[in-house]
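*Asks:* One structure, pasted below without further comment.
The values are calculated or read from the model by the stated rules, or taken from the named source; none is laboratory data. This is a predicted model, so every value here is computed, not measured. Here the Cβ is made from the backbone with ideal geometry for all residues, glycine too, and neighbour counts use every protein chain on show. To get the accessible areas, we keep the full protein, side chains included, count just its heavy atoms, and leave off ligands, DNA and RNA. Shrake-Rupley method; radii C 1.70, N 1.55, O 1.52, S 1.80 Å.
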Amino acid sequence: MGGDPSDVADVAEVVGRARRAMQSEAMRDRLRRPRLLRAIAAGLEADRACILETASGETALTIGELTPEFARMTGTLRMFAGVVEEGSWVRASIDTRAAEGVCQGAIGPNHDIRRMLVPLGRGDGVVAVFGSSNFPLAYGVCGGDTASALAAGCAVVVKEHPAHPRTGRLIAERAQAAIGESGASPALLGYVRNEDPRDFGVARALVQHAAVVAVGFTGSIQGGRAIQTLAGERSVPIPVFAEMGSVNPVFVTPGAIRARPKEIATQIAESVLMRVGQQCTKPGLVFFEAPEGHVPASESVFVETLADRFRRSTCRDMLAPWIRESFTRRSDLDRGDLDGEELATPVAFSHDASGLASPRGVQPVLWETTLDKWRAHPELREEMFGPSLILVEMPSWSGVGSLELGGHLTLSICFDERDPEDVKRAADLIAAQGHAAGRIIFNGVPTGVRVGHGMVHGGPLPATNRPESTAVGPHAMERWCRPVCWQNCPGELLPEERADANPLGIWRMCNGSWTRSGVA
């Protein structure tokens, strides 16, 4: 856990500047924060071509793959600006004191109590952000964690990702300049360098700095747990919101395979192969019924269509050499176990061998295994980050309810909506396995995450360590806040969000009812 001394020293300096910048009015005035967020989005858009070119050259993702991600980054900044401006996100709740002699049905003392969300810390809190390797824009320096933390009223310090340091530095520089031009301190968005993937000293120094009040992390299970350990070792532990690993199982019912085997297979294959399989929502497992000794024609078409798409896929570079090494190690499934039994059989792999000599080049692989093997070997139930998919043949659909799936970001069910029996299969599956994921997809694939109020991008362990939270959408702001209740506060001391007159006109819970009016 050493690290380059200069980089570790930079942590204290950058966090200290961010903490001092929190004293500025930009983070206290709710109307200045939206201007700051919109200024960052505009500043990044002014250098869009340069950012896209830099990110593409560094990550091996194409301009076409990065373009919608860039739009998501700037769109998320603007979305949070609108949420802060509207104001209801603070979840203000008011229970007024009942007049003497009036029976209000109150439980306990007749106090006036008023609740809302406030930023973590003492008004000078800093959120540490560890961006992802696979989404250098949408989950990078100015991605969802940074945007939501700034919107909530916290400063942010981002740790550089070794997979794309030039991209990170460029975005940080442009964003800081935009913040300064908006009239706020550029130090509200700090950036610390960490180009060596083996150097954990910067991470330790950042997580354990006294001014850091929370951590946002996107990465591996091992990395997330290490960050959580560091946060727990502090004299005052802080919350860590870690998105770590998800296999995102897909269930294809007998009726769905009969009705549209090629369509579903093609959709799943494209979802797996997109961005070289390097998406946190990439499907990793497909469960379908294949009775022993008899594989119906529709199932054969389904598997062959998948196999054909994998054979026609292209060998491509992954994000970094160490990511490719991890994928190669994890995807060695046909080596056999201690008894010499093969864990999974390669059904198809890319015929394109070009680029395999590259330290980042990989060959997409489609695997097939039985339900018994899947149950017996834990490694078949773990995330394989990269262009790989495991088909799990079930002797009977009736066994899906008893599967031990673990926690995932998503669970997908493909079924025939016109077939009553298939609809019941889908309903039974959700009743039995719906607890295993934060987002359930019907007749679709999990890749492609809409940023909106209704989105949940989270899930039970090991997908995330905080299944009650989401990393996407307006509710992501709540990670960087805590609820505070004021009791019997004089009206002249109440903030606008809790004042009787409701000058902001926000939605509030008043005496048990939602209203935008003032307190009667």
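*Asks:* Quick check on the chain: of the DSSP beta bridges with both residues there, what percent are antiparallel, nearest 5%?
*Replies:* 30 percent
*Asks:* Any idea which of THR54, ALA71, ALA81 is furthest toward the positive side of the dipole for region 27-89, if Lys and Arg beta-carbons carry +1 and Asp and Glu beta-carbons -1?
*Replies:* ALA81
*Asks:* On average, how much accessible surface per residue is there in region 283-418, in Å², for a 1.4 Å probe, leaving out ligands, DNA and RNA?
*Replies:* For region 283-418, the per-residue accessible area is 44 Å².
*Asks:* Let me ask you something else. List, largest first, the extents of the alpha carbons of region 134-184 along their principal axes, each in whole Å.
*Replies:* Largest to smallest, the principal-axis extents are 32, 20, 15 Å.
*Asks:* Okay, next question. To the nearest 10 square angstrom, what accessible area does GLU173 show with a 1.4 Å probe?
*Replies:* Per-residue accessible area (GLU173): approximately 100 Å².
*Asks:* Provide the net charge surrounding ARG97, with neighbours chosen by a C-beta distance below 13 Å and charges set as Lys +1, Arg +1, Asp -1, Glu -1.
*Replies:* -3
*Asks:* Next question, about the same structure. Let me cross-check THR266: its accessible surface, 1.4 Å probe, with only protein heavy atoms counted, in Å² to the nearest 10?
*Replies:* Probe radius 1.4 Å; accessible area of THR266 about 60 Å².
*Asks:* Can you give the percent of C-alpha pairs in region 31-116 whose distance is more than 15 Å? Intermediate values should be presented prior to the final figure.
*Replies:* Working: 2574 of 3655 pairs.
For region 31-116, the fraction of Cα-Cα distances above 15 Å is 70 percent.
*Asks:* I would also like to ask the following. If you scale each eigenvalue of the Cα gyration tensor by 5 and take the root, what three semi-axes come out for region 348-472, rounded to whole angstrom and sorted largest first?
*Replies:* Computed over region 348-472, the values are 27, 21, 16 Å.
*Asks:* With a sphere of radius 15 Å drawn around the Cβ of GLY452, what net charge do the other residues whose Cβ falls strictly inside it have (Lys, Arg +1; Asp, Glu -1)?
*Replies:* Here the count lands on +3.
*Asks:* Would you check the accessible area of ARG482, probe 1.4 Å, heavy atoms only, in square angstrom rounded to 10?
*Replies:* Only protein atoms counted, so the area is about 110 Å².
*Asks:* If I histogram all Cα-Cα distances within region 362-403 using bins 10 Å wide from 0, what percent of pairs lands in each bin?
*Replies:* 25, 52, 20, 2
*Asks:* Taking the simple approach of a point 7 Å from Cα along Cα-to-Cβ for both ALA46 and ASN443, what is their distance in nm?
*Replies:* For ALA46 paired with ASN443, the spin-label model returns 4.7 nm.
*Asks:* Here's something else I'd like to know. What translational D, rounded to a whole number of µm²/s, comes out for the chain from Stokes-Einstein when the hydrodynamic radius is the Kirkwood one over Cα pairs, at 20 °C and 1.002 mPa s?
*Replies:* Estimated diffusion coefficient is 86 µm²/s.
*Asks:* Give me the number: length gained by fully extending VAL484 to THR62, i.e. 0.36 nm times residue separation minus the C-alpha to C-alpha distance, one decimal in nm.
*Replies:* Details: separation 422, 0.36 × 422 = 151.92 nm, distance 4.59 nm.
Once the chain is fully extended between VAL484 and THR62, it gains 147.3 nm.
*Asks:* A further question on this structure: For region 441-473 and region 8-74, what is the separation of their Cα centres, given in Å?
*Replies:* Rounded to whole Å, the Cα centres lie 23 Å apart.
*Asks:* Can you pull the three principal axis extents for the Cα set of region 1-146, in Å, largest first?
*Replies:* Extents along the principal axes: 73, 38, 28 Å.
*Asks:* Same structure again: Tell me, what is the Rg over Rh of region 259-381, with Rh the Kirkwood radius over Cα pairs?
*Replies:* Expressed as Rg/Rh, it is 0.97.
*Asks:* Carbon and sulfur: what percent of the chain's accessible surface (1.4 Å probe)?
*Replies:* 53 percent
*Asks:* Taking the C-alpha atoms of region 282-325, how large are the radius of gyration and the largest Cα-Cα span, Dmax, in Å?
*Replies:* 15.2, 43
*Asks:* Sequence gap at least 6, Cα distance under 8 Å: using those rules, report the relative contact order of region 432-511 to the nearest whole percent.
*Replies:* Averaging sequence separation for qualifying contacts and normalising by length gives 18 percent for region 432-511.
*Asks:* What is the angle, in °, between the Cα long axis of helix 297-311 and the longest principal axis of the Cα atoms in the chain? Nearest 10 is fine, range 0 to 90.
*Replies:* For helix 297-311, the angle is close to 70 degrees.
*Asks:* Please work out the Cα center distance from region 232-266 to region 115-178, rounded to the nearest Å.
*Replies:* Rounded to whole Å, the Cα centres lie 25 Å apart.
*Asks:* Taking only C-alpha pairs under 8 Å that are 6+ residues apart, what is the relative contact order of the chain in percent?
*Replies:* Once normalised by length, the contact order is 18 percent.
*Asks:* Fully extended, how many nm does the chain gain between ARG450 and ARG78 (0.36 nm per residue separation, minus their Cα-Cα distance)?
*Replies:* That works out to 132.5 nm of additional length.
*Asks:* On full extension of the chain, what length is gained from GLU325 through ALA297, given 0.36 nm per residue of separation minus the C-alpha to C-alpha distance?
*Replies:* On the way: separation 28, 0.36 × 28 = 10.08 nm, distance 3.77 nm.
My answer for the length gained is 6.3 nm.
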